[in-house]
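**Q** I have a structure here, written as structure tokens, and I will follow up with some questions on it.
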Amino acid sequence: MPFFATRFTERTAARWAALAALVSAAWLPYAASAAAAAPPADAKPVYSDAAALGKLMFFDASLSASGKMSCASCHSPSHAYGPPNGLAAQLGGPDMRSQGTRAVPSLRYVLNRTPMWSHAQAASMSERLSETDNAPVGGFGWDGRFNRLRDQASFPLLNPNEMANKDPAAVLAKLEHAPYAARFREVFGENIFTDPSKAFTQAMYAIERFELEDPSFHPYTSKFDDYLDGKLQLTAQELRGKKLFDNPAGGNCASCHIDQSGVDGSHPLFTDFNFQALGVPRNPELRANLDPKYFDMGLCGPLRTDQSSDRSNCGLFKSVSLRNTATRQVFFHNGRFHTLKDALRFYAQRDTNPAKWYPKDAHGKVDKFNDLPVALRVNVDTTDEPLTRKAGERPVWSERDIDDVATFLATLNDDYVLKPEQPK
Ligand code: HEC
Ligand code: HEC
């Protein structure tokens, strides 16, 4: 009775989501992610028929206009479901030559723990001034514009720069001829393809089930996980890096990239799913940036359209998980940096040496925060450590500190192999 089973999991999933939303309203943001993560203690590992179909779709390049691109082309399973290369944005489209506008995020860890998008409105001026009370949080995409994975999944399938199908019907026409089409009918009903809207909904739902159910999205096999479980000790250098990462008066990284376990013992994800404007420099590798009037402003558009009336949203992007970040070749929403150490140097030296990061404008002045229109640069975070310094001051970290933090972050890479105990 696969249909019944599917309905049931859909309802269960909806209840979890509702619960997460409820909790997140009261306990932003930590409890929300913990609640969403915790399966009932007696839950058996499930792998639904829908998830199995979703997996086939995720890896199926025939679902793209080019016939060459699947979800996995950009979200490579051997790269923590992140990009397999150092391109700032991937090439896709019907002829595989159109460039996207954003770096591919890793899909590991966040899919089943991202809270629903919310932006509690400030009740008073004083509340508005204390930023934590009305901070936007959650949702999928660098701008949080999708609340459900099933809604997100149709975007790359239809986006002209990515899998480039003209419309849902074009996706279904390909799906009907996929080697697993018969299975799709078995699971969702013999006549499913005669109702295109229902068929497309079920297809997106299948991808969502794969993303939520497949254990490869949340293996928790890093050295840091073993450390949290008390199976090993970190090296002196890794511990030094962690201290620099945690120090609220120093790196202060853990204030946004949370590294404490949840109340239920769930291991930390190194993100709080909040939105910030960090002032990452404009990236000339992105073709969209050839147009000097084009700005990717995250929460306030152009991809996201429902939050643009509030100009204080402009330039804000979602904080991402730092798990597996040390394996990446591309960093931040616009892929501006290509090594982890450069990303760390940017945090440490953005304000102490802006000339290193930003080009000069026509008057020979350093064009700080040049990836935002001048009037909106006030949105960039200059209040959270370490983003508070002045030009010429000493950076929060030395090169040696940066080495230590990078070494610590490498303990977040999955597939760590516990070495047999060294003889004393
Ligand atoms: C051409 C490269 C490319 C392809 C193909 C692609 N993606 Fe993505 N994916 C991205 C980029 C870039 C983003 C960030 C998008 C944004 O912020 O607007 C993203 C974001 C996501 C997110 C949000 C992650 C988060 O933490 O917020 C999910 C989920 C996702 N993709 C799933 C998929 C699925 C499922 C498919 C196949 C149907 C797919 N992607 C195909 C590039 C790609
Ligand atoms: C105020 C919150 C905040 C603080 C503090 C913070 N980050 Fe971030 N971090 C973010 C946000 C938001 C992004 C995404 C921004 C973007 O792409 O525009 C990000 C992105 C990153 C990335 C890029 C990851 C990727 O996959 O592209 C790295 C690496 C990173 N942070 C490391 C650090 C380190 C190390 C520190 C401490 C020096 C730190 N962060 C402090 C919010 C923060």
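Values quoted throughout were computed directly from the atomic coordinates according to the rules given, and no laboratory measurement underlies them. This one's a predicted model, so the numbers in the text were calculated from it and none came from an experiment. Neighbour counts are summed over all protein chains in view; Cβ atoms, including those assigned to glycine, are modelled from backbone coordinates with ideal geometry.
**Q** Taking H placed 1.01 Å from N in the peptide plane, check which residues at least 5 places from residue 140 or on another chain put their amide H under 5 Å from its amide H.
**A** Hits under the 5 Å cutoff: 145, 146, 147.
**Q** For residue 388 and residue 159, what is the calculated FRET efficiency with R₀ set at 45 Å and r taken between the beta-carbons, to the nearest 0.05?
**A** So the FRET efficiency works out to roughly 0.75.
**Q** At residue 61 and residue 303, where each label point lies 7 Å from the Cα along Cα→Cβ, what is the point-to-point distance in nanometres?
**A** 2.3
**Q** For residue 368, list the aspartates and glutamates whose Cα falls under 19 Å from its own Cα; do not include residues on the same chain fewer than 8 positions away.
**A** 285, 291, 296, 342, 351, 381, 384, 385, 393
**Q** For residue 403 and residue 167, compute 0.36 nm times the residue count separating them, minus their Cα-Cα distance, and round to one decimal in nm.
**A** Between residue 403 and residue 167, full extension yields 80.2 nm more.
**Q** Here is a follow-up. Taking R0 as 51 Å, what FRET efficiency do you get between residue 362 and residue 237 from their Cβ-Cβ distance, rounded to the nearest 0.05?
**A** 0.70
**Q** Same structure, new question: Please report the spacing between the Cα centers of region 361-408 and region 61-98 in Å, no decimals.
**A** Comparing the Cα centres of region 361-408 and region 61-98, I get a distance of 32 Å.
**Q** A further question follows. Quickly work out the residue 181-to-residue 415 label distance, labels modelled 7 Å from Cα along the C-beta direction, and quote it in nm with one decimal.
**A** Inter-label distance under the simple model: 3.6 nm.
**Q** Run the numbers for residue 220 and residue 261: contour at 0.36 nm per residue of separation, minus the present Cα-Cα distance, in nm.
**A** Difference between extended and current length: 13.5 nm.
**Q** So, one more: For an R0 of 35 angstrom, estimate the FRET efficiency from the Cβ-Cβ distance between residue 47 and residue 375 and round to the nearest 0.05. Mind showing how you got there, number by number?
**A** On the way: r = 51 Å, r/R0 = 1.46.
Step by step, r from the Cβ atoms, then E = 0.10.
**Q** How many nm is it between the label spots at residue 148 and residue 194, if each spot is 7 Å from the Cα in line with the beta carbon?
**A** 2.5
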